[in-house]
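S.K.: Handing you this structure, nothing more for now.
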Amino acid sequence: MDDGAREAKLSARVAELELALVRARGVSEALREVGMAVGNAVDLNELLTIVLNAATRVLQADRATIYIRDGDMLISRVKDGDALKFIKVPVGTGLAGQVAERGRSIRIRDAYKDDRFDPSWDKKSGYRTRSILTVPLKDQSGKVIGVIQALNKMSPEEQPLVFTPYDTELLNALATQAAVSFEKSQLFQRLTDHKVRLERSLSDLALLYELETALSRASSVEELAQQVIMQIAQACGAEVGALLFESREGVLSLYVVNPREPDEVREVVVQHGEGIAGRAMAQNESLNIDDPELIRDPGRVRELLGVDVRSALAAPLAEGKRVCGAIALYNRDADPSSFSEDDASLLRLVSANVSTELRVFEERKERERAEHLG
């Protein structure tokens with residue numbers, strides 16, 4: 001081999017090593033970036049976007065997808081530009097589903113020459129899949145919690161390439177980081193949910209205590225309704241509230257309270273089954289309405305309450321077998337605009353206390369009436 005040939009071979013080798021060094025630095029930077037994200041309390045979607053960006057960059061892939069397992073389904077987070085799109089795939093279906101089911105990586109040089117590839121997504125989207133690399137996301141116990149998939153490896157000159165065993169190792173490393181990030185996010189969410197529930201429980205207990213104290217001082221059903229609605233409406237973020245009560249004489253009255261006008265209680269005599277509170281009483285069950293289309297006779301409801309109802313929550317007032325009325329809240333002001341299950345649980349607790357207080361109130365009235373007659 002002459003000197004020119006040796007020099008050319010040496011130059012090619014140097015260029016190859018320089019390229020490998022650049023790529024190693026890129027891999028190191030990607031892993032460091034993902035590791036830092038995992039170490040910080042960032043949003044799960046933001047964190048998974050960082051993982052997807054790192055995967056596409058270090059693997060020279062055209063696009064990447066992360067699937068998180070939810071029961072028998074995989075929910076995908078597809079990087080499309082700067083946005084994330086969501087797709088559902090059954091476990092066991094397609095390449096991602098097979099990797100989730102078996103827990104082993106799949107590397108394909110030419111998708112359309114592999115029987116495991118389902119081209120239906122390409123036909124729908126117009127995309128042309130060539131090379132594919134899919135690896136499982138596993139938690140610390142080895143359980144598959146998702147899948148990460150890279151498509152169409154490309155050269156810097158945008159020439160099609162194939163994924164290598166080295167790429168599989170890199171994607172597995174990123175998958176490990178993604179799994180750690182997902183587990184951490186799930187743990188953080190559970191702790192946050194527990195904290196929120198605890199704070200709500202403490203707040204509800206304080207409200208029930210204050211309510212019981214206020215109800216014991218009420219001298220009329222009207223005053224009782226005012227105290228109840230003011231406190232429960234504030235706790236659940238309702239625009240208007242109402243207490244429906246049937247006296248032992250058979251008179252059915254609706255007491256309407258607007259927290260913005262706390263000194264005004266509007267009393268309306270209504271028919272059985274009329275309005276949302278009337279339905280809850282007639283059916284002896286709680287109602288949670290989040291669609292105005294589900295409100296019967298909205299004109300009459302507007303007339304009774306003074307507002308157009310968008311959402312409503314109601315609970316019956318039951319004392320033993322007797323259902324004596326209902327409490328209802330209307331139009332949750334906060335976001336979301338629908339009443340939650342926590343709101344419904346609190347309203348049921350309040351309705352139980354109010355039912356007892358109304359019974360005591362009526363018994364006291366009867367004793368006073370008897371004493372007066374005697």
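The values are calculated or read from the model by the stated rules, or taken from the named source; none is laboratory data. Predicted, not measured: the structure shown is a model, and the values here were computed from it. Every residue, glycine as well, gets a Cβ built from its backbone with ideal geometry; the counts of neighbours run over all protein chains shown. With ligands, DNA and RNA removed, areas are computed over all heavy atoms of the protein, side chains included. Shrake-Rupley method; radii C 1.70, N 1.55, O 1.52, S 1.80 Å.
S.K.: Under 5 Å between amide hydrogens, which residues at least 5 positions from residue 146 or on another chain qualify, with H placed 1.01 Å from N in the peptide plane?
M.R.: 69, 137
S.K.: Let me ask something additional. To one decimal place, what orientation-averaged projected area in nm² is obtained for the convex hull of the Cα set of the range 50-142?
M.R.: Average projection, Cα convex hull of the range 50-142: 6.4 nm².
S.K.: Still on this structure, please answer the following. Got a number for carbon plus sulfur as a percent of the range 299-361's accessible area, 1.4 Å probe?
M.R.: Ligands and nucleic acids excluded, carbon and sulfur give 49 percent.
S.K.: For residue 272 paired with residue 213, estimate the spin-label separation in nm (one decimal), with each label point 7 Å from Cα along the Cα-to-Cβ line.
M.R.: According to this spin-label approximation, the distance is 4.0 nm.
S.K.: Give me the Debye-computed log₁₀ of I(q)/I(0) at q = 0.20 Å⁻¹ for the range 263-349, equal point scatterers on Cα only, no solvent, two decimals.
M.R.: Summing over Cα pairs of the range 263-349 leads to -0.97.
S.K.: Compare the peptides 131-139, 293-301 by average per-residue count of other Cβ atoms within 10 angstrom and give them in order, highest first.
M.R.: 131-139, 293-301
S.K.: Which order, highest average first, do 165-178, 322-335 follow once you tally other Cβ atoms within 10 Å for each residue and take the mean per peptide?
M.R.: 322-335, 165-178
S.K.: Further, regarding this structure: Hey, rough spin-label estimate for residue 356 and residue 308, points 7 angstrom out along Cα→Cβ, what's it come to in nanometres?
M.R.: Inter-label distance under the simple model: 4.1 nm.
S.K.: For residue 141 and residue 321, what does the FRET efficiency come to when R0 = 41 Å and r is the distance between their Cβ atoms, rounded to the nearest 0.05?
M.R.: It comes out at approximately 0.20.
S.K.: Compute the FRET efficiency between residue 263 and residue 348 as 1/(1 + (r/R0)^6), taking r as their Cβ-Cβ distance and R0 = 25 Å, and round to the nearest 0.05.
M.R.: Once rounded, the FRET efficiency stands at 0.35.
S.K.: Please express the Cα-Cα pair-distance distribution P(r) of the range 209-298 as a list of whole percents, one per 10 Å bin, running from 0 to the bin with the greatest distance.
M.R.: 16, 45, 35, 4
S.K.: Just to check I understand the Karplus step: with θ = phi - 60° and J = 6.51 cos²θ - 1.76 cosθ + 1.60, what whole-Hz values come out for the range 308-320, glycine and proline as x?
M.R.: Working through the residues one at a time gives 7, 8, 9, 8, 8, 9, 9, 9, x, 9, 10, 10, x Hz.
S.K.: Assuming 0.36 nm per residue, please report the length gained on full extension of the stretch residue 335 to residue 166 beyond their Cα-Cα distance.
M.R.: Value of the extension gain: 56.0 nm.
S.K.: Right, next: Give me the percent of the accessible area of the range 64-167 that comes from carbon and sulfur atoms, probe 1.4 Å, all protein chains in place.
M.R.: 47
S.K.: Along the Cα-to-Cβ line of residue 104, 7 Å from the Cα, sits a label point; which residues in the range 162-177 have backbone N less than 20 Å from it?
M.R.: 163-173, 175-176
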